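Before any comments, here is the structure.
The values are calculated or read from the model by the stated rules, or taken from the named source; none is laboratory data. These numbers come from a predicted model, not from an experiment. As a convention, Cβ positions derive from the backbone with ideal geometry for all residues, glycine included, and neighbour counts pool all protein chains shown.
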Amino acid sequence: MKGQEEIMGFMLVVVMVIVIGIGLLFFFSPKAPEQTDLGMQNLLYAWLSTSFEGSDIRGIISSCDNCDLKPSVDILDSAISKSGVINRINGYSLNITGRVNYYSYKGKLNGTARGAVVPVEDTEVRLRFYS
């Protein structure tokens, strides 16, 4: 009888440790990283090599010192709208950081994110789609 009580106590401790371990794994596990999308990366490369005002957009970004990027970003907005991707997503954001700091978004920025990053000299161009 005493042996059965000890085994039941031991099993109770093992179950409690397992439950606490699963709880800790659930709360402290890293969030799923943003998925890289090759189609989005190709879209970014195409946009950066588009000619605008006598230079490609990559050149405009790399030589930009407090310049207005809105007209060149409108080209990307138009490409996204014409491609039909806009009908399958909640929203998207464009973030240019580094030497130039620019942020633009359209729609709702919640849900699962897919993204692509393209370096431009000292600057990083990041496009994210939210679905």
Original post:
When you look at T123, is it within 16 Å of the chain's Cα centre (by Cα) and on the phi < 0 side of the Ramachandran plot, yes or no?
Top reply: no
**OP:** Might you let me know whether the stretch 17-33 holds any residue that is of a type outside the set (K, R) and touching a strand residue (DSSP E or B) at 6+ places or on another chain (Cβ under 6 Å)?
**Re:** no
**OP:** Filter the strands (runs of 3 or more DSSP E) completely within the stretch 54-131 down to those with at least 1 residues that are in the same structural domain as L44 (by TED's automatic domain parsing) and among the acidic types (D, E).
**Re:** 123-130
**OP:** Working only within the stretch 81-116, note down all residues that are of a type in the set (V, I, T), crowded, with 16+ Cβ neighbours inside 10 Å and at pLDDT 80 or above.
**Re:** I89, I96
**OP:** Would you point out which residue out of S72, S62 is in contact with a Phe, Trp or Tyr (Cβ under 8 Å, 6 or more places away or on another chain), within 27 Å of F129 (Cβ to Cβ), surrounded by 15 or more Cβ atoms within 10 Å (Cβ to Cβ) and of a type in the set (G, A, S)?
**Re:** S72
